[in-house]
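> Dumping the structure here so I can ask a few things about it.
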Amino acid sequence: MTQEYLNYINGEWVPARSGRTFENINPADTSDIVGVHPESDREDTIAAIEAAEAAFAEWSRWEPPRRGKILFKAAQILESRAEEVGRLLTREEGKTLKEGIGETLRTVELLEFFGGEARRLTGETFPSQQPGTFLYTIREPLGVVGLITPWNFPIAIPAWKALPALIAGNTVVLKPASLAPISACQLVKALEEAGLPPGVLNLVTGPGRTVGEELATNPKVKAVSFTGSNAVGTRLYDVVSSRGAKCQCEMGGKNPIIVLEDADLDRAVEFTVAGAMWSTGQKCTATSRAIVLKPVVREFTEKLVERVRRLKVGNGLDPSVEIGPAIDEAALKNILNYIEIGKAEGAKLLCGGERLTGGDYDKGYFVQPTVFGDVHPQMRIAQEEIFGPVVGIIAVDSFEEAIEVANNVRYGLSASIVTNDLKRAFQYIHSIQAGIVHVNGQTAGAEVQVPFGGYKGSSTGTREQGHVAIEFYTQIKTVYLHHNP
Ligand code: UN1
């Protein structure tokens, strides 16, 4: 039976006032309705914002370590349910069970990390030029913050936005993506059971045009953090910042892996497959360009194509499956459309390229993992984010050309190089325009204790995760204390 989920406003699970709902469909099996959720209006969102505003006075007075304890308790609760929550995540999002459970455990790590950060909310002290003066800073919360999160990391991203906001003393209204809102409900439930007071964290499901718009425009919302497409993010940034509120946007990527002549090609292939194909390529940190030095491009290409052909695509609940479906029909069409664009631009389709059909494939949105060769840096498939299991190989003559090609896109989220040449590795680290830089690894993946975010068109605002996450959710107060006037 399909489970009904509700909004969480002021500590109560409630339907949308209109009573309207929408369905959450398993992208691997569209006969599986994973959940039914409130289709909220602006008035539901206003109720959540008002609950958050009312809870702020008290919550912001709690000692931060006391707030942190709730996170630790929620970590234990979520960890004990990792299997169950991971399964729900896989059913609503489509990634493999291993990835679904892995993301849930990453959320446990986020709870633990930010639980500890609650004890490390530091300010600074400064020498004053005035006698008898203690000069220092403290960080204070902003008030109500709005979070708009995507479907591709449906529990980790709500956590890595909400947790730093909460430990700093803010109250939160979270709007999870309509395509996968159950995972965020599981996070909220764990925090509720851990003792989070009513109104401190509120969850409202529904469309961007109602819930998202209200969060963007309501003057009671002092900051909005968003992860999603560039089209939505840039517009949101204009709307939110024009009314003087803070706005943080994590958007697209066009992330390269550079393969030098000395690279271990088997490892380079594994990194490329992991970065480009896992989670069906639906990560802002996914690899979408393999920039390969000409002397090794043939061998790299052969090995990559051979490996990609062996990938098993299917329902992520089957433990032997490596690649799940695209999130929905529109995403699938977009991926297939880019494949057509690549062919029309003259790139060489080396494997994949088709929708998968027949048997259980007909129940979902499955696409073959796809590799293009002979890709030129200016082609649309080398410039635009595809958000699917598609990688293009670009052959280059030199290391310098590899860096130039890597940088010549509007995005700058993550990058990788495969080499044992230390000098080249450092040259790359210092010249690549990306916020997250890997050497001998894949482009995706993010540990919770370090900053996450991009250069150029990939991000606006300060970094997420790590201790710097607190910057976005706080304001600095400078105190001149004349103790000996
Ligand atoms: C990862 O690479 O594991 O939306 C995290 C995204 C990113 C998160 C990527 N904000 O895909």
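> Just wondering, is there one or more residues in the stretch 286-299 that are of a type in the set (Asp, Glu), out of contact with any Pro (no Cβ under 7 Å at 6 or more places or on another chain) and open to solvent by 40 Å² or more (accessible area, probe 1.4 Å)?
Within the stretch 286-299, one or more residues are of a type in the set (Asp, Glu), out of contact with any Pro (no Cβ under 7 Å at 6 or more places or on another chain) and open to solvent by 40 Å² or more (accessible area, probe 1.4 Å).
> Name the strands (runs of 3 or more DSSP E) wholly inside the stretch 121-207 in which the number of residues that are closer than 30 Å to Ile25 by Cα, at pLDDT 95 or above and not small (Gly, Ala, Ser) is 2 or more.
Details: elements: 133-141, 144-148, 171-175, 201-203.
So the answer is 144-148, 171-175, 201-203.
> Can I ask one more? Mind checking which residues of the stretch 26-55 are surrounded by 22 or more Cβ atoms within 10 Å (Cβ to Cβ) and of a type in the set (A, V, I, L, M, F, W, C)?
Ala28, Val34, Ala48, Ile49, Ala51, Ala52, Ala55, listed by residue number.
> May I ask you to verify whether Gly252 is within 16 Å of the ligand (Cβ to nearest atom) and under 25 Å from the mean Cα position of the chain (by Cα)? Walk me through how you get there before you give the answer.
On the way: within 16 Å of the ligand (Cβ to nearest atom): yes; under 25 Å from the mean Cα position of the chain (by Cα): yes.
Yes: the conditions hold for Gly252.
> Has the stretch 296-310 got any residue that is assigned by TED's automatic domain parsing to the domain that holds Cys351, in a loop (DSSP other than H, G, I, E, B) and either out of contact with any Gly (no Cβ under 8 Å at 6 or more places or on another chain) or away from the ligand (no atom under 16 Å from the Cβ) (or both)? Before you say what the answer is, go through the steps one by one.
Residues of the stretch 296-310 assigned by TED's automatic domain parsing to the domain that holds Cys351: 296-310.
Imposing the further condition that a residue be in a loop (DSSP other than H, G, I, E, B) reduces the set to 310.
If we keep only those that are either out of contact with any Gly (no Cβ under 8 Å at 6 or more places or on another chain) or away from the ligand (no atom under 16 Å from the Cβ) (or both) too, we end up with 310.
Yes, because at least one residue in the stretch 296-310 is assigned by TED's automatic domain parsing to the domain that holds Cys351, in a loop (DSSP other than H, G, I, E, B) and either out of contact with any Gly (no Cβ under 8 Å at 6 or more places or on another chain) or away from the ligand (no atom under 16 Å from the Cβ) (or both).
> I would also like to ask the following. Under 19 Å from the mean Cα position of the chain (by Cα), away from the ligand (no atom under 16 Å from the Cβ) and either of a type in the set (Ser, Thr, Tyr) or not assigned by TED's automatic domain parsing to the domain that holds Arg355 (or both): does that describe Ile476? If you could, list the steps in order and put the result at the bottom.
Values: under 19 Å from the mean Cα position of the chain (by Cα): no; away from the ligand (no atom under 16 Å from the Cβ): yes; either of a type in the set (Ser, Thr, Tyr) or not assigned by TED's automatic domain parsing to the domain that holds Arg355 (or both): yes.
No, not satisfied.
> OK, next. Taking the condition of being of a type in the set (S, T, N, Q) and either under 19 Å from Tyr237 (Cα atoms) or without any contact (Cβ under 8 Å) to a residue 12 or more places away in the chain (or both), how many residues in the stretch 141-178 meet it? Let's see the steps before the verdict.
Let us first name the residues in the stretch 141-178 that are of a type in the set (S, T, N, Q), namely 149, 152, 170-171, 178.
Within this subset, residues satisfying the condition of being either under 19 Å from Tyr237 (Cα atoms) or without any contact (Cβ under 8 Å) to a residue 12 or more places away in the chain (or both) are 149.
Selection size over the stretch 141-178: 1.
> If you don't mind, another one. For the stretch 209-233, give me the residue count where each residue is open to solvent by 10 Å² or more (accessible area, probe 1.4 Å), in contact (Cβ under 8 Å) with a residue 12 or more places away in the chain, within 16 Å of the ligand (Cβ to nearest atom) and in a helix (DSSP H, G or I).
Number satisfying all stated conditions: 2.
> Then there is this: Out of Gly123, Gly132, Gly146, Gly195, report the one residue that is surrounded by 22 or more Cβ atoms within 10 Å (Cβ to Cβ) and either of a type in the set (Asp, Glu) or away from the ligand (no atom under 16 Å from the Cβ) (or both).
Numbers: Gly123 fails: surrounded by 22 or more Cβ atoms within 10 Å (Cβ to Cβ); Gly132 fails: surrounded by 22 or more Cβ atoms within 10 Å (Cβ to Cβ); Gly195 fails: surrounded by 22 or more Cβ atoms within 10 Å (Cβ to Cβ).
Of the residues listed, the single one that is surrounded by 22 or more Cβ atoms within 10 Å (Cβ to Cβ) and either of a type in the set (Asp, Glu) or away from the ligand (no atom under 16 Å from the Cβ) (or both) is Gly146.
> Another question, if that's okay. Say we look at the stretch 259-295 and pick out the residues that are touching a strand residue (DSSP E or B) at 6+ places or on another chain (Cβ under 6 Å) and assigned to a loop (DSSP other than H, G, I, E, B); which of these is nearest to Val409 (Cα to Cα)?
Thr285
> Is it true that Thr280 is buried (at least 24 other Cβ atoms within 10 Å of the Cβ) and within 12 Å of the ligand (Cβ to nearest atom)?
Working: buried (at least 24 other Cβ atoms within 10 Å of the Cβ): yes; within 12 Å of the ligand (Cβ to nearest atom): yes.
In short, yes.
The values are calculated or read from the model by the stated rules, or taken from the named source; none is laboratory data. Just so you know, these numbers come straight off a predicted model, no measurement behind them. Ideal geometry is used to build each Cβ from the backbone, glycine not excepted, and the neighbour counts take in all protein chains shown. Surface areas here come from the heavy atoms of the whole protein model, side chains and all, with no ligands, DNA or RNA. Shrake-Rupley method; radii C 1.70, N 1.55, O 1.52, S 1.80 Å.
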